[in-house]
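Derivation of every value follows stated rules applied to the coordinates shown; laboratory data play no part. This one's a predicted model, so the numbers in the text were calculated from it and none came from an experiment. For neighbour counting, all protein chains shown are included, and Cβ atoms are generated from backbone atoms with ideal geometry for every residue, glycine included.
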Ligand code: AMP
Ligand code: ZN
């Protein structure tokens, strides 16, 4: 499997994990779009949100729990933050292993680009 995020999850690429449990892990985005920009991924390979099923949907909850835990630990839970997932071309997805973006440390804009 040549998936970049599977390699990160298997520690084949050296990465500092900011959070990990048996289901998910988190690390800094390499091209941050905010003062804090963290990616949260399931250990299990799921290419996009379109590939999520009833057997794997609990992973979205695990990712959300990781996001709010990190926001608290990093000190921007109260000021606020954004989580988002891009899906396929029009959604702006570039890495085909689902991931939640956690963005914080500045005011977010709406609508998104
Ligand atoms: P998306 O465009 O939603 O698929 O998001 C993919 C994200 O992965 C982008 O924000 C990239 O900056 C980020 N990214 C790509 N390669 C790496 C890497 N090796 N380590 C950390 N983040 C990465
Ligand atoms: Zn993968």
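Residues that are surrounded by fewer than 13 Cβ atoms within 10 Å (Cβ to Cβ) and within 12 Å of ligand 2 (Cβ to nearest atom) within segment 1-12 comprise 1, 2, 10, 12, listed in sequence order. Residue under question is residue 5, and the condition is that it be in contact (Cβ under 8 Å) with a residue 24 or more places away in the chain, under 22 Å from residue 104 (Cβ atoms) and in a loop (DSSP other than H, G, I, E, B); does it hold? So residue 5 does not fit the description; no. Take the conditions assigned to a loop (DSSP other than H, G, I, E, B), over 13 Å from the mean Cα position of the chain (by Cα) and on the phi > 0 side of the Ramachandran plot and apply them to residue 11. Does it pass? So residue 11 passes the test. Of the residues making up segment 63-113, those that are part of a helix (DSSP H, G or I), surrounded by 11 or more Cβ atoms within 10 Å (Cβ to Cβ) and more than 16 Å from ligand 2 (Cβ to nearest atom) are 64, 65, 66, 67, 68, 69, 70, 71, 72, 73, 74, 91. Restricting attention to segment 36-53, the residues that are within 10 Å of ligand 1 (Cβ to nearest atom) and over 20 Å from residue 17 (Cα atoms) add up to 1. Here is the figure for segment 13-42: residues that are touching a helix residue (DSSP H, G or I) at 6+ places or on another chain (Cβ under 8 Å) and either free of Cβ contacts under 8 Å to residues at least 60 places away in the same chain or more than 16 Å from ligand 2 (Cβ to nearest atom) (or both) total 13. For segment 45-62, filtered to residues that are in contact with a helix residue (DSSP H, G or I) (Cβ under 9 Å, 6 or more places away or on another chain) and surrounded by 14 or more Cβ atoms within 10 Å (Cβ to Cβ), the residue that is farthest from residue 99 (Cα to Cα) is 52. Looking at (1) over 21 Å from residue 112 (Cβ atoms); (2) in contact (Cβ under 8 Å) with a residue 12 or more places away in the chain, which is the only condition residue 64 fails? So residue 64 meets the others, but not (1).
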